Amino acid sequence: MYGTSANNVRHLFNDSEEETELDYRTITITDFTQLLQSIEDISITAYTLSEGVKMSFEKTPLNMLNHVINTHIEVINELGKKIKLFKKKNQLILEELKEEKKQKEEKIKEETKPQRRKTELL
């Protein structure tokens with residue numbers, strides 16, 4: 001399955017047949033451009049999903065309701081596929097962001113640790 005870590009090694013994922021190692025490289029402007037385009041694509045699909053509720057049901061409400069529900073299910077499935085594609089395309093940036101967040105949390109944890117008191121023997 002894609003995205004399952006193998007042996008807790010960073011940037012190594014199980015594929016259906018073999019393990020594939022991600023090409024680790026520095027993040028470039030094109031990576032950010034691709035990230036923004038992917039976010040825009042997902043937002044357009046989500047907007048379609050949210051605006052579909054505002055449709056009128058005309059003269060045959062049950063038939064139109066059935067059509068609206070089926071269309072919403074299709075859009076939700078499409079949205080799920082786009083999110084998976086988003087994660088796959090932008091994996092390098094997402095990994096870096098997760099690592100950066102983890103480092104910040106560790107730094108904050110270190111800074112907020114209470115100092116131990118030294119006890120003196122009398």
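The values are calculated or read from the model by the stated rules, or taken from the named source; none is laboratory data. Source: prediction; values computed, not measured. We place every Cβ from the backbone using ideal geometry, glycine too, and count neighbours over all the protein chains shown.
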Exclusive hit being among the basic types (Lys, Arg), assigned to a helix (DSSP H, G or I), within 25 Å of Ile44 (Cα to Cα) and modelled with pLDDT of 85 or more, set Lys88, Lys102
Lys88
Checking Asn8 against (1) at pLDDT below 65; (2) farther than 20 Å from Lys84 by Cα; (3) in contact with a Ser or Thr (Cβ under 7 Å, 6 or more places away or on another chain), the condition it does not meet
(3)
Among the residues that make up the stretch 90-101, is at least one of them more than 15 Å from the chain's Cα centre (by Cα) and under 25 Å from Thr28 (Cα atoms)?
yes
By residue number, the members of the stretch 59-85 that are part of a helix (DSSP H, G or I), more than 19 Å from Gln37 (Cβ to Cβ) and not hydrophobic (A, V, I, L, M, F, W, C) are Pro61, Asn63, Asn66, His67, Asn70, Thr71, His72, Glu74, Asn77
If you scan the stretch 88-122, which residues turn out to be of a type in the set (Lys, Arg) and surrounded by 13 or more Cβ atoms within 10 Å (Cβ to Cβ)?
Lys89
Of (1) at pLDDT 90 or above; (2) surrounded by 13 or more Cβ atoms within 10 Å (Cβ to Cβ), Val68 satisfies all except one. Which?
(1)
Confirm whether Ile39 is modelled with pLDDT of 85 or more, among the hydrophobic types (A, V, I, L, M, F, W, C) and within 14 Å of the chain's Cα centre (by Cα).
yes
